[in-house]
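Working notes, structure below.
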Amino acid sequence: MAPQNSAVRPEADLDLADQLGHELVRFMRLITKAKSQVAKHGPDGIERAAYAILFCLVHEGPQRTSKLAEFLHSEISTISRQSSSLVQHGLVERQADPEDGRACLLAPTAEGLRVFDENRKHRARWLADVLGDWSQEERETLKKLLARLNTGIEQNNPSLSDTLGVSQAKGASNA
């Protein structure tokens, strides 16, 4: 079904969209609250926000700081600070950029991959608990509909699309 101009949409469509918008805001608030209940620092002393950098590096391979800042919609100074912490903890390493020897790339270390996988498994267990009373079919439907919603948002707001394509990566979500 082709998208319609919102000026000609039936009132019932707009009412349902409004209700869905309410549920999405509620969902975002609950996710934010759940994330804040987890310590600001993970068990390994790393800021939770730094895991987004690790997520990108694991799924996309070595990247420049500027590319990470672009993808994460963050300031280069913030990415530099968080990546420095990841380097100090041995989760990320700096490598020479083969295309420009003056620049460096950030890449996950073996320990970074292990910590990332541990965090991914923790998130999967939490989601499995949340959806524990849902049928397999309901969980599959939710996954398909969320993917479709994300694609629709990206297509209707190209500036919001994942710069690095991470949304297509297995297990993509906030790291």
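The values are calculated or read from the model by the stated rules, or taken from the named source; none is laboratory data. Quick caveat, the model's predicted, so the values are computed rather than measured. Here the Cβ positions follow ideal geometry from the backbone for every residue, glycine too, while neighbour counts run over all protein chains shown. Ligands, DNA and RNA are stripped out before the accessible areas are found, and what is left, the full protein with its side chains, is counted by its heavy atoms. Shrake-Rupley method; radii C 1.70, N 1.55, O 1.52, S 1.80 Å.
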- For Thr109, enumerate residues with amide H under 5 Å from its amide H, sequence gap 5+ or separate chain, H modeled in the peptide plane. Val92, Glu93
- Task: Work out, step by step, the length gained on full extension between Glu11 and Ser80: first 0.36 nm times the residue separation, then minus their alpha carbon distance; give nm to one decimal.
- Result: 20.0 nm
- Message: Per 0.36 nm of contour for each residue apart, how much would the distance between Leu127 and Leu142 grow if the chain were fully extended, relative to their Cα-Cα spacing?
- Response: 4.2 nm
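Here is the link list: Lys35/Lys67; Lys35/Lys143; Lys33/Lys121; Lys121/Lys143; Lys67/Lys144. Which ones come out longer than 23 Å on Cα distance?
Too far apart for the 23 Å limit: Lys35/Lys67; Lys67/Lys144.
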- To the nearest 10 Å², what's Ile153's accessible area with a 1.4 Å probe? 70
- Pair Gln88, Asp18: separation of 7 Å Cα→Cβ label points (nm): 5.1
- Message: Quick one: 3J(HN,Hα) in Hz for the stretch 109-121, Karplus 6.51/-1.76/1.60 with θ = phi - 60°, rounded, Gly and Pro as x.
- Response: 8, 4, 5, x, 5, 5, 5, 4, 5, 4, 5, 4, 5
